[in-house]
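The values are calculated or read from the model by the stated rules, or taken from the named source; none is laboratory data. Predicted model only: the values in this text are computed from it and were never measured. Please note: Cβ atoms are built from the backbone with ideal geometry, for glycine as well, and neighbour counts cover all protein chains shown. Ligands, DNA and RNA are stripped out before the accessible areas are found, and what is left, the full protein with its side chains, is counted by its heavy atoms. Shrake-Rupley method; radii C 1.70, N 1.55, O 1.52, S 1.80 Å.
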Amino acid sequence: MHLKIAHPYCYALSLATLLCFSAATLRAQYYDITRFGAKGDGVTDNTAAIQQAIDSCAITGGKVYFPAGKFLTATLQLRSNITVHVSAGATVLANTDISKYPHLDAGIPFYGELWARQAVFFGKQLDNITLEGSGTLDGQGASFVITTDKKPERYMNRPYLLWFAGCTNVTVKDLQLRNSAFWMQHYLGCSFVNISGLRIWNHSNKNNDMMDIDGCRYVTISNIIGDSDDDGITIKSTSPLVSEYITVTNCVLSSHCNALKFGTESTGGFRNITVSNCIIKPSGQTSTIYGKPAGISGVALEMVDGGIMENVAINNLVIEGTEVPLFIRLGNRARKYRESAAQPGKGVLRNVHLSNILATGSAGIGCALVGLPGSPIEEISLSNISIQSAGGGKAADMGKIIEEKEKDYPEATMFGVLPAYGFYVRHATGLRLNDIRLRYKENEDRPAIVLSDVKGFSVSGLEAQTGSNTPAAVYAEQSSNGVLFQSVQSSGTPLLKTGKGAVNISVTGNSMKSGKK
């Protein structure tokens, strides 16, 4: 047998050919927008050039590259199987001429479809799309002037910075996002979404939400440092699609309104969601468009348009300075997500667990956890919660009549000063309060906790500061089948006082010290 041995020259030629082919392939998958005519002078409208780079990249898949410079653009239609990389030193500036933004169709019916129709970056029914880099996307939102307060006109002609609808495998990471004209980023009906490492500043216009996760599934949000005028990380359901299988972790959030919010739109609802290891702190922007400089609420869970909220776990939060640290509301605004939809009934809010939360600097309003008559919030559990508030309430506030406000817009301050400086719980079943520490700065005469129409509850490990004029640490009315145990009461104030309709409530195993039974 004779073996043929190729000449070394043939090997060298083959290797060179392979390397050339690989280099050519690499170049074919790497699309620098300046090669398509884009100019980083901050003045030239580069929409057509950047779109050409995106469309060319979509043929083979690959990366659309923004080098250093300021690139002005209007609406960019993203494509499947591409990565948009905005490099360090690169800024994408939104064109401030609203006529450059066509009306877009999300392909998913949702509340807002008639007026929220424009965006800088837009993706519809895409697969495998990534926006990344350490550069900046700037919506120049202050340039989009609102000329009327009339609805829905006041929402029109203000583009999102990012808008994804019906997409799968979406990644947005490491970018700096600034100054949107409307919501910063809207993810509608998407699956397998990863949002991480973003630095967000959104204080240029009304409705400046930090991000809105809307009817999405399999979502991870992590390592966000964000500051917004309107709501922060916002989980919504503006259509029958449920927002579910979502995790939020390791974030530092500031909002003039609600730093972490579920709602207000709740048509489909929220299910199987966890939030962990986050800090909520006052905004770096002291002037406000909406809300309060340090924020209205840290966590707001709001069901008012039907739907279901269940299996929500929120753990390990530090909340500084918000008016109200925690707010849970089941209401009945009953707004239809579109005109032809059926009128929603009362929603369901159940199986919510809040744990390991430290809140300081809150106002003297109190935290409301409230359902509706005949539609209670169910199986709510709070564990290892410490809240320091301003105080200042009067004993007479305990008897204050709190209106149901069933159809009102939900807000943590909607009921005014509450009968309790800690937690006011109304229309609830299966309530568990464990290891709760409540303190205040100024003189406070209200109870720490007021329970009204609460069926089946336990309060354990309560340490509540009380004053000499406080009727009791805990006041219960129209409530039944409850127990207070292993709590500490060191002042002369009774641990429990019951009012009309309070039955089958036991107090056992508590350390009264100098207090009263």
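Restricting attention to the range 124-151, the residues that are in a loop (DSSP other than H, G, I, E, B) and either open to solvent by less than 20 Å² (accessible area, probe 1.4 Å) or farther than 17 Å from Phe164 by Cα (or both) add up to 14. Quick one: in the range 478-494, of everything that is open to solvent by 60 Å² or more (accessible area, probe 1.4 Å) and modelled with pLDDT of 95 or more, which residue is farthest from Asp435 (Cα to Cα)? So the residue we want is Gln478. Among the residues making up the range 171-210, those that are of a type in the set (A, V, I, L, M) and free of Cβ contacts under 8 Å to residues at least 40 places away in the same chain are Val193, Ile195, Leu198, Ile200. Here the condition is being in a loop (DSSP other than H, G, I, E, B) and either among the acidic types (Asp, Glu) or touching a Phe, Trp or Tyr at 6+ places or on another chain (Cβ under 9 Å) (or both); of Asp453, Asp408, it holds for Asp408 alone. Among residues that are surrounded by fewer than 24 Cβ atoms within 10 Å (Cβ to Cβ), under 19 Å from Gly366 (Cβ atoms) and without any contact (Cβ under 8 Å) to a residue 40 or more places away in the chain, Gly461 is not included. Among strands (runs of 3 or more DSSP E) entirely within the range 285-333, having at least 1 residues that are open to solvent by 40 Å² or more (accessible area, probe 1.4 Å) and among the aliphatic types (A, V, I, L, M) singles out 308-320. The set of residues in the range 36-69 that are in a loop (DSSP other than H, G, I, E, B) and within 19 Å of Thr136 (Cβ to Cβ) comprises Ala38, Lys39, Gly40, Asn46, Pro67, Ala68. The set of residues from the range 432-450 being without any contact (Cβ under 8 Å) to a residue 60 or more places away in the chain, open to solvent by less than 20 Å² (accessible area, probe 1.4 Å) and either touching a helix residue (DSSP H, G or I) at 6+ places or on another chain (Cβ under 7 Å) or part of a strand (DSSP E or B) (or both) comprises Leu433, Ile436, Leu438, Asp445, Pro447, Ile449, Val450. Within the set Gly123, Gly139, Gly135, the sole residue that is more than 20 Å from Phe182 (Cα to Cα) and small (Gly, Ala, Ser) turns out to be Gly135. For beta carbons closer than 7 Å, sequence separation of 6+ or different chains, a first residue in the range 387-412 that is within 15 Å of Met303 (Cβ to Cβ) and a second that is polar (S, T, N, Q) and surrounded by 15 or more Cβ atoms within 10 Å (Cβ to Cβ), the qualifying pairs are Glu406/Asn332; Lys407/Asn332; Tyr409/Thr264; Pro410/Thr264; Ala412/Ser297.
Could you check the range 34-60 and list, in sequence order, the residues that are farther than 18 Å from Asp97 by Cβ, open to solvent by 10 Å² or more (accessible area, probe 1.4 Å) and either touching a residue at least 24 places away in the same chain (Cβ under 8 Å) or touching a Gly at 6+ places or on another chain (Cβ under 6 Å) (or both)? Steps first, please.
The initial filter retains those residues of the range 34-60 that are farther than 18 Å from Asp97 by Cβ, namely 34-37, 40, 52-60.
Next, from what is left, pick out any that are open to solvent by 10 Å² or more (accessible area, probe 1.4 Å): 34-37, 40, 52, 55-56, 58-60.
Residues satisfying the conditions are Thr34, Gly40, Asp55, Ser56, Ala58, Thr60.
For the range 186-276, the strands (runs of 3 or more DSSP E) that sit wholly inside it and include 2 or more residues that are touching a Phe, Trp or Tyr at 6+ places or on another chain (Cβ under 7 Å), open to solvent by less than 10 Å² (accessible area, probe 1.4 Å) and of a type in the set (Asp, Glu) are 211-214. If you check Leu418 against the conditions, is it open to solvent by less than 10 Å² (accessible area, probe 1.4 Å), modelled with pLDDT of 95 or more, at negative phi and assigned to a loop (DSSP other than H, G, I, E, B)? Criteria met by Leu418. With respect to the conditions (1) surrounded by fewer than 17 Cβ atoms within 10 Å (Cβ to Cβ); (2) among the β-branched types (Val, Ile, Thr); (3) outside any loop (DSSP other than H, G, I, E, B), Ile387 lacks only one, and its number is (1). Which one is nearest to Ser180 (Cα to Cα) among residues in the range 94-120 that are touching a strand residue (DSSP E or B) at 6+ places or on another chain (Cβ under 8 Å) and open to solvent by 20 Å² or more (accessible area, probe 1.4 Å)? Per the criteria, the residue is Lys100. What number of residues in the range 348-384 are in contact (Cβ under 8 Å) with a residue 60 or more places away in the chain, open to solvent by less than 10 Å² (accessible area, probe 1.4 Å) and in a loop (DSSP other than H, G, I, E, B)? Of the residues in that region, 1 qualify.
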